[in-house]
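Student: Encoded as structure tokens, here's the structure I'll be asking about.
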Amino acid sequence: MRREDGFALPMTIFVLAMVTIMLSAVFVRVQMDRRVAESSGDVVNALAVAESGLQTYLGTVNFDACYRAIRPLDGDSTRINVNGGYAWVVPHVIQKPADTLLPWKYVVRSTGYLVDPTQGSDPQAVRTVAQFAYWQRNSMEVLAAFTAANGLVQMASSSGAFYGEDVTGWWLPGCEDPNLPALRVPNGQRPNNLSRYTLNGTSPRVREGGSGKWVADLTKIDWVESITGGIEPDYTSFPLGSMDFGVTIIEGDLNINFGSGWGMGSGILIVTEDLDVNGSSWFYWLGVVLVGGEIEWDTYANYVRGAVVSGLYEQTGRNADVGDVDGNYLYVYHDSYYVRRALASLAGFAPMTNTWIDNWASY
């Protein structure tokens, strides 16, 4: 009689083994997918760290004791600690113009390292980004203490001083710039009577030559760009008493009368049309005054330490009326420290449009 062996037990074992293998494969796949997801998330977070470090670096400007912006050295690396890790930022000079007033072109690379303290000190992910940018100095082409591209008329009753000598050296020795003429005007537009004024600086004290447009162009101030969005204002009305050296842009004419008090301010004062300072008050400004048309100095006393430029819309072909000094006193002192202080907010990196790169290799 033949013995029949059972097959249920071996089949059961086989099925259990197959199910175990399949479940193991599923668990491995889930674990791999989770690791991939975590890795992808880490890379995104590392990108955020790199970008945060880059923006912090681009927005930081260092100044020396004379308030000159310190240009970053080519290849100099800086570590910036941010939330989630740290970034190493390295600037590289890619274009250095011969004109020292023109901006240098850089590519700034930032490598972000994502760090989770619970997983040790080694970074969990690394990502590099880069940005092309211009480096801008806090300086301008100052031609004289007072540059009047529209010319200047001095009334016989007024007096004062135009100092082309940099008075920064009086109170901050070693920080002064080269001396300049006292006045710069176009051909035939110099004041007729300056006997009541003290003039110093380089010779000739009053330098004249060229047309109004030519003088305005010599300043190398891009007037149209400055008044059409190229400079972001901190104030759009006169910042009476403000000493924070901000940027003030007045659209149209500015007529100011402080009564019998002091009208003080600081920074960059841009008036797109004409400036009229009148009344029995005192006008006192530290920094740079830039005016599209004429300036009428009609108040009792006017003091500017920095630089003054008028007639700038002559660059566009418009003719500005000749400015005049009709108040009792006008003092304009070339003070390079206050020029630099006023322009400080314009110094630093200016990112170039559409040049941010999120997959930059080591360079």
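Student: Report every pair of residues separated by at least 6 positions or lying on different chains whose Cβ atoms are under 6 Å apart, first residue within segment 334-363 and closer than 25 Å to A65 by Cβ, second part of a helix (DSSP H, G or I) and among the hydrophobic types (A, V, I, L, M, F, W, C).
Tutor: Here the result reads F349/L58, each pair linking segment 334-363 to a residue that is part of a helix (DSSP H, G or I) and among the hydrophobic types (A, V, I, L, M, F, W, C).
Student: Please count how many residues of segment 294-312 are surrounded by fewer than 24 Cβ atoms within 10 Å (Cβ to Cβ) and in contact with a helix residue (DSSP H, G or I) (Cβ under 7 Å, 6 or more places away or on another chain).
Tutor: Qualifying residue count, segment 294-312: 1.
Student: Starting from segment 73-89, keep only residues that are touching a residue at least 24 places away in the same chain (Cβ under 8 Å), then list their pairs with residues that are part of a loop (DSSP other than H, G, I, E, B) and β-branched (V, I, T) whose Cβ atoms are within a distance under 6 Å, requiring at least 6 positions of separation or different chains.
Tutor: Pairs that qualify, where the first residue is touching a residue at least 24 places away in the same chain (Cβ under 8 Å) and the partner is part of a loop (DSSP other than H, G, I, E, B) and β-branched (V, I, T), are G85/V115.
Student: Given the residues G287, G279, which is the only one that is of a type outside the set (K, R), surrounded by 14 or more Cβ atoms within 10 Å (Cβ to Cβ) and in contact with a helix residue (DSSP H, G or I) (Cβ under 6 Å, 6 or more places away or on another chain)?
Tutor: G287
Student: Name the residue, out of A182, A130, A145, that is surrounded by 21 or more Cβ atoms within 10 Å (Cβ to Cβ), within 30 Å of I94 (Cα to Cα) and out of contact with any helix residue (DSSP H, G or I) (no Cβ under 7 Å at 6 or more places or on another chain).
Tutor: Being surrounded by 21 or more Cβ atoms within 10 Å (Cβ to Cβ), within 30 Å of I94 (Cα to Cα) and out of contact with any helix residue (DSSP H, G or I) (no Cβ under 7 Å at 6 or more places or on another chain) holds for just one of A182, A130, A145, which is A130.
Student: Taking interchain pairs and intrachain pairs at least six residues apart, which have beta carbon atoms under 9 angstrom, with the first residue in segment 188-208 and assigned by TED's automatic domain parsing to the domain that holds P178 and the second loosely packed, with under 14 Cβ neighbours inside 10 Å and modelled with pLDDT of 95 or more?
Tutor: T202/P178; E208/N187
Student: Condition test on A130, is it more than 30 Å from L330 (Cα to Cα), part of a strand (DSSP E or B), outside the structural domain of L218 (by TED's automatic domain parsing) and under 20 Å from the mean Cα position of the chain (by Cα)?
Tutor: So A130 passes the test.
Student: Restricting to segment 146-177, what's the tally of residues that are under 17 Å from V308 (Cα atoms) and part of a loop (DSSP other than H, G, I, E, B)?
Tutor: 8
This table checks each residue for (1) assigned by TED's automatic domain parsing to the domain that holds A342; (2) crowded, with 20+ Cβ neighbours inside 10 Å; (3) modelled with pLDDT under 95.
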position	(1), (2), (3)
R68	no, no, no
G75	no, no, no
G85	no, yes, no
V89	no, yes, no
H92	no, no, no
P97	no, no, yes
T100	no, no, yes
S110	no, yes, no
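Student: Can I ask one more? Return yes when V215 is in contact (Cβ under 8 Å) with a residue 24 or more places away in the chain, surrounded by 19 or more Cβ atoms within 10 Å (Cβ to Cβ) and part of a helix (DSSP H, G or I) and no when it is not.
Tutor: yes
Student: Just checking, which of I268, I295 is modelled with pLDDT of 95 or more and within 20 Å of R190 (Cα to Cα)?
Tutor: Testing whether each residue is modelled with pLDDT of 95 or more and within 20 Å of R190 (Cα to Cα) leaves just I295.
Student: Considering only residues that are in contact (Cβ under 8 Å) with a residue 60 or more places away in the chain and not hydrophobic (A, V, I, L, M, F, W, C), look in segment 172-187 and name the one that is nearest to S139 (Cα to Cα).
Tutor: Out of the qualifying residues, it is D177.
Student: Within segment 221-239, identify whether any single residue is in contact with a Ser or Thr (Cβ under 8 Å, 6 or more places away or on another chain), farther than 17 Å from N302 by Cα, surrounded by 14 or more Cβ atoms within 10 Å (Cβ to Cβ) and among the acidic types (D, E), and answer yes or no.
Tutor: Checked against the condition, which is being in contact with a Ser or Thr (Cβ under 8 Å, 6 or more places away or on another chain), farther than 17 Å from N302 by Cα, surrounded by 14 or more Cβ atoms within 10 Å (Cβ to Cβ) and among the acidic types (D, E), segment 221-239 yields at least one hit.
The values are calculated or read from the model by the stated rules, or taken from the named source; none is laboratory data. Every value quoted in this text rests on a predicted model; they were computed, and no experiment measured them. Reconstructed Cβ throughout: ideal geometry from the backbone, glycine too, with neighbour counts over all protein chains shown.
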